[in-house]
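To start, the structure itself, in structure tokens.
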Amino acid sequence: MAVTCPVDLDTTRLRAEVQTMYARVATAPDGEFHFHRGSGYASTRLGYDANKLAALPSDVTSSFAGVGNPHAVSPIPPGAVVVDIGCGAGMDLLIAARRTGPTGQVIGVDMTEPMRRRAAAGAAACGLTNVEIRAGDATRLPVADASVDVVISNGVLNLVPEKGRAVAEIARILKPGGRVQIADIVIGKVLSDDCLRDIDLWTG
Amino acid sequence: MIGVFTSAGFTNVALTHRYDCFEGTTKQSTARRYRVQGVNLSAKRS
């Protein structure tokens, strides 16, 4: 939940814990977590269209663990190139793929292998040929410079200690005039240094 | 978050929606204590 990164935060351990947590969300989404998951949560609390979610594979929607709704910001235009940073099991990604259509392209980037497998399987199950899943993380996106129309993301940047670097990566891959529409969490209080060093608060 | 995007040269940076995404979870009280909310952010690359 932190906004800035203390210089002595163990970012290697944080990254490993995030990967472990989200591998578990991918493989056992009905387990115990401190955050909501699934299509019911997405439609009732975040305003997703329940009919669109029902048209996606349950393996995709059950592992959804976002904190907002990037698609509520603005519809993805037909033909757009879209990158989903931390695409997870692919719910936002596949919604974007249907919006942009066969003349567009969506690229999902995730550092957790079980999530990438789910997203790729979901795209195949939907017959979507404009979806590509790539391994990577927010601070080193495997995407060419100035090649993207819209960057989406949901509940990811808050888990990245190097936020300036992640946002610089977004700027690098977007075309001039390209759009960001991301969901994340904000904190209304200034956190102490002890809080900022607490890995449990970062992952929770 | 707005400051990070503005500093990186983005324009029209705005929070467009807010969500109580931790309501009903085991972290609800922590989220309330620190006033944690889900938000949507919109921005444009200049």
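The values are calculated or read from the model by the stated rules, or taken from the named source; none is laboratory data. Owing to the predicted nature of the structure, the values given are computational and were not obtained by experimental measurement. Cβ coordinates were reconstructed from backbone atoms using ideal geometry, including for glycine residues, and neighbour counts include every protein chain displayed. Accessible surface is based on the protein model in full, side chains and every heavy atom, while ligands, DNA and RNA are left aside. Shrake-Rupley method; radii C 1.70, N 1.55, O 1.52, S 1.80 Å.
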A:Arg117 versus A:Glu17: modelled label distance in nm, points set 7 Å from Cα along the beta carbon direction
2.5 nm
Across the residues of A:66-75, average count of Cβ atoms on other protein chains within 10 Å?
5
Chain A: calculated mean residue ellipticity at 222 nm from DSSP helix runs of at least 4, using -39500 (n - 2.57):
-10000 deg cm²/dmol
Kirkwood Rh and Cα Rg combined as Rg/Rh, the protein assembly as shown
0.93
Based on alpha-carbon atoms only, what is the radius of gyration of the stretch A:41-83 relative to the globular estimate 2.2 N^0.38 Å?
1.23
Accessible surface of B:Ile2 in the full protein assembly, 1.4 angstrom probe, to the nearest 10 Å²?
70 Å²
Once amide H atoms are built 1.01 Å from N in the peptide plane, which residues 5 or more positions from B:Cys21, or in another chain, come under 5 Å H to H?
B:Gly38
Amide N of the stretch A:163-180 lying under 12 Å from the label point, which is placed 7 angstrom from the Cα of A:Ala144 along Cα→Cβ
none
What fraction of the Cα pairs in the stretch A:5-56, stated in percent, has a spacing above 12 angstrom?
72 percent
A:Gly38: net charge of surrounding residues, Cβ under 12 Å, Lys/Arg +1, Asp/Glu -1, itself excluded?
0
Could you list, bin by bin from short to long, the percent of Cα-Cα pairs of the stretch A:30-136 in 5 Å steps?
2, 14, 25, 26, 22, 9, 2, 1, 0
If I take the Cα coordinates of the stretch A:128-168 and project them onto the principal axes, what are the three extents in Å, biggest first?
34, 21, 18
Relative contact order of chain B, defined on C-alpha pairs under 8 angstrom at six or more residues apart (%)
52 percent
How much of the DSSP beta bridge set in the protein assembly as shown is antiparallel, as a percent to the nearest 5?
45 percent
If amide H atoms are built 1.01 Å from N in the plane of the peptide, which residues on other chains or at least 5 residues away come under 5 Å of the amide H of A:Val81?
A:Gln105, A:Asp149, A:Val150
Cα-based Kirkwood hydrodynamic radius, chain B, one decimal, Å:
11.9 Å
Expressed as a rounded percentage, what relative contact order does chain A have, with Cα pairs under 8 Å and six or more residues apart?
26 percent
If I model the stretch A:60-204 as equal point scatterers sitting on the Cα atoms and use the Debye formula, what is log10 I(q)/I(0) at q = 0.11, 0.20 Å⁻¹?
-0.39, -1.22
Pull up all non-local amide H partners of A:Ile133: gap of 5 or more, or a different chain, and H-to-H distance under 5 Å with H placed in the peptide plane.
A:Gly108
Neighbouring partner chain Cβ atoms per residue of A:161-173, average, 10 Å criterion
3
Residue-by-residue Karplus 3J(HN,Hα) for the stretch A:16-21, coefficients 6.51, -1.76, 1.60, Hz, glycine and proline x
5, 5, 5, 4, 4, 4
Dividing the alpha-carbon radius of gyration of the stretch A:144-195 by 2.2 N^0.38 Å, where N counts its residues, gives 1.35
